[in-house]
1. Hey, which of the strands (runs of 3 or more DSSP E) in the range 317-431, taking only ones fully inside, have at least 1 residues that are among the acidic types (D, E)?
2. Cβ-Cβ under 9 Å, sequence separation 6+ or interchain: first residue in the range 463-488 and under 19 Å from Q144 (Cα atoms), partner in a helix (DSSP H, G or I) and among the basic types (K, R). Which pairs?
3. Please note which helices (runs of 4 or more DSSP H) are completely contained in the range 245-313 and include at least 1 residues that are within 16 Å of ligand 2 (Cβ to nearest atom) and modelled with pLDDT of 95 or more.
4. For the range 451-495, name all the residues that are surrounded by fewer than 24 Cβ atoms within 10 Å (Cβ to Cβ) and assigned to a helix (DSSP H, G or I).
5. Those residues that are of a type in the set (S, T, N, Q) and either surrounded by 24 or more Cβ atoms within 10 Å (Cβ to Cβ) or within 21 Å of A400 (Cα to Cα) (or both), I need them from the range 496-540; list them, please.
6. Out of V184, V197, I need the residue that is under 30 Å from D317 (Cβ atoms) and in the same structural domain as T323 (by TED's automatic domain parsing). Which one?
7. Pull out all pairs, ordered by first then second residue, where Cβ-Cβ is under 7 Å, the residues are six or more apart or on different chains, the first lies in the range 227-247 and is touching a residue at least 12 places away in the same chain (Cβ under 8 Å), and the second is more than 6 Å from ligand 1 (Cβ to nearest atom) and among the acidic types (D, E).
Amino acid sequence: MKTGVSGGVARALVALALVSYHAVPAVAGGRTTSPAPQLQWVTQLIVKEKSSGLKTQSVAVGAPIARADVATVQRWSVAAQLPVTYKRAMSGGAHVVTLPSTMSVADAQAVAQRMEASGQFEYVSPDRIMRPSSVPNDPKFVDQWSLWPSTVVANGPATTAVGGANITTAWDSTKGASTVNVAVIDTGLLANHEDFVGANIRPGYDFISNDAYNAMPDPASHKTVPLGFVENDPLDTPAGRDTNPSDPGDWVTTQNATDYPTYCGRASDSSWHGTFVTGQIVAQHNSVGIAGIAPNVTIQMARALGRCGGVTSDIMDALAWVTGASNVPGAGGTALQPNSPMAQVVNMSLGGQGACSSAEQAVISAARARGATIVVATGNDGLNTISSPANCKGVIAVTAHTVDGDLAVYANVGSGTTLSAPGGGPGAIINTGSNGAVTSRQIVSLSNQSLTTPDAGTSYYTTEMGTSMATPHVAAVAALLLSHKPTLSVDDVQAILSQSARAFPAGTFCTQNPGICGAGMLDAGAAIALSVGTPTVTVSSSASTIVANNAVTLTAVVGAGFGNTLPSGGVQWAQTGGPGVTPTVAGPDGNGNVTATFTPSAAGTYSFTITVTNNLGGTASASTSVTVTAPPTTTPGTGSGTLPFSGGTSGTGPLNQSGGGGALPLWLTGLLLVGGALAFRRRKA
Ligand SMILES: [Ca+2]
Ligand SMILES: [Ca+2]
Ligand SMILES: [Ca+2]
């Protein structure tokens, strides 16, 4: 009987017919990671000065709208304490200026507030980049908690989920590129489903051998599985492997279960498992059904699971072929044309018990060496060991968590687990029933209403739970990463997915059992941000308050961001408040440490901002202040802030912004803009 949308029985691992639910005893422990950054950048400000008392003059239609003059813009730059460049006049007497570098919204807001504090402006606002809403209009998106962020984000969905994979934030950057090829090794595909209309589906292959399971009788019944039983593909010729990976159904009758209890377990309806998994990745954003995670990538089905599962030899031939291997036997045992272009990402929501075999490892290692990211489910036995091939070296092994961020009760964890992704269902410890009904706590995707052979109705959807459902979240995000940054290596993709994973929430199984659930929970938005290589900087001072004439050292730790470098001049200090000083700066050293040391002679609050700009133009900044009190026996200086721009001559001497000696506008007086190590070399040259 079909359970339909309101039900759903986990059939996550087709090759493992049984799902056993048992929680594992908890032990003490805990772990944390940093929160996910958000992707929001600003390059411009909108500026409106206070009325000067003159009446606004109306401008005739077709006449030019007055631009701000040079002196005005210079005044704005002084107020901003940054050089802004005039861009254009705007409606309502406002103007648009360009910032000297791309900034985070927070940094741009700080500049705007600084300008407003000067009292000259009616308002100054970051000219935010607006994007179409990341919330798709697919009607079942309201049940797709696994794609939501864990906290409210701009342009994101109204609702959040602790266990959500923050896919919607990644969509601000990419929904996938058709040049990225993903292969799904599964039960086949119903490519004519309404939610695949417009998807980039390329020809796949059907690798199920005609004699799968045929060699040995079932150990319990001693009955021999007939030829074609697993294949269950009567409409395709020749028998055995063929060019059509369409899913003919994998239902198991009561008689089948009685005849082959070891191979088949219990009777079941057709799972349409491959269609479900593929739908999670590439269901279209089209006002119909669900929203796929990477709807614009190119997808391909390699059918290797049939009635009662599949054999490793068929599955591994499928993996070899989709990843571009030569000499893979196809129909009639003849060598197939290598799959070109090869799949860069392979989804394997399947597994079996036991260690990784040499045969599996050989195929996986070769596929990985060709450049394939292979994503595999850890299995649904509720064990602290993971299935094969998830336990093979070189794959991304995915366990499953719930809407609450707890380990799913069925999900295998243990050595070799890479990370967790939403799989839905009940948690090992926490079962609050949050986010509503049972349907919304499972994963929703594409299916077919028929219990046996596919029917013509191609608009059916259902819910499931399992590590099979978690795995395509990770595979699709790997594809998004490669879409956004095609130069990423297999190692890069794995490192980014792990390093950007969010911590499991307090009180969950994985915080209480550290080290066995992998790096944390999949976070697509954080993964994209990390892949972009956003630079990082933190700054601290050796003292927050000192007496004048004592030295202070500011220490910043800078990073170029994943895979990036800091170019010459990529590290800049600016004094943003207090009597002008000329610090001695050094670094960055091998650990990214940058220091600025100065000895203030006057009382005041000395404020500094350090800005890091990497080779891609991404920036990060951080600020700190030091309060200096007057020495008991001396009079504080005037704090005029008009220091000469003559610099030192050694690598650790005082630096200034004169660089190549070019003229600087007067308003920069008192600012200190210095470069990092590379800037030193350039200046000395
Ligand atoms: Ca066939
Ligand atoms: Ca076929
Ligand atoms: Ca859709």
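1. On the way: elements: 345-348, 373-377, 396-401, 419-422.
In the range 317-431, there are no strands (runs of 3 or more DSSP E) which contain 1 or more residues that are among the acidic types (D, E).
2. T463/R441; M465/R441
3. Passing ranges, in order: 273-282.
4. Matches in the range 451-495: S483, H484, V490, D491, D492, Q494, A495.
5. Initially, the range 496-540 is screened for residues of a type in the set (S, T, N, Q), giving 498-500, 508, 511-513, 531, 534, 536, 538, 540.
Within the range 496-540, S498, Q499, S500, T508, T511, Q512, N513, S531 qualify.
6. On the way: V197 fails: under 30 Å from D317 (Cβ atoms).
The conditions single out V184.
7. Going by the 7 Å Cβ cut-off, the qualifying pairs are L227/D211; N232/D250.
For every residue, the table says whether it meets (1) surrounded by 19 or more Cβ atoms within 10 Å (Cβ to Cβ); (2) touching a Gly at 6+ places or on another chain (Cβ under 6 Å).
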| position | (1), (2) |
| --- | --- |
| V363 | yes, no |
| G371 | no, no |
| G379 | yes, yes |
| K393 | no, no |
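The values are calculated or read from the model by the stated rules, or taken from the named source; none is laboratory data. Just so we're clear, the structure is a prediction, and the values are computed from it rather than from any experiment. Reconstructed Cβ throughout: ideal geometry from the backbone, glycine too, with neighbour counts over all protein chains shown.
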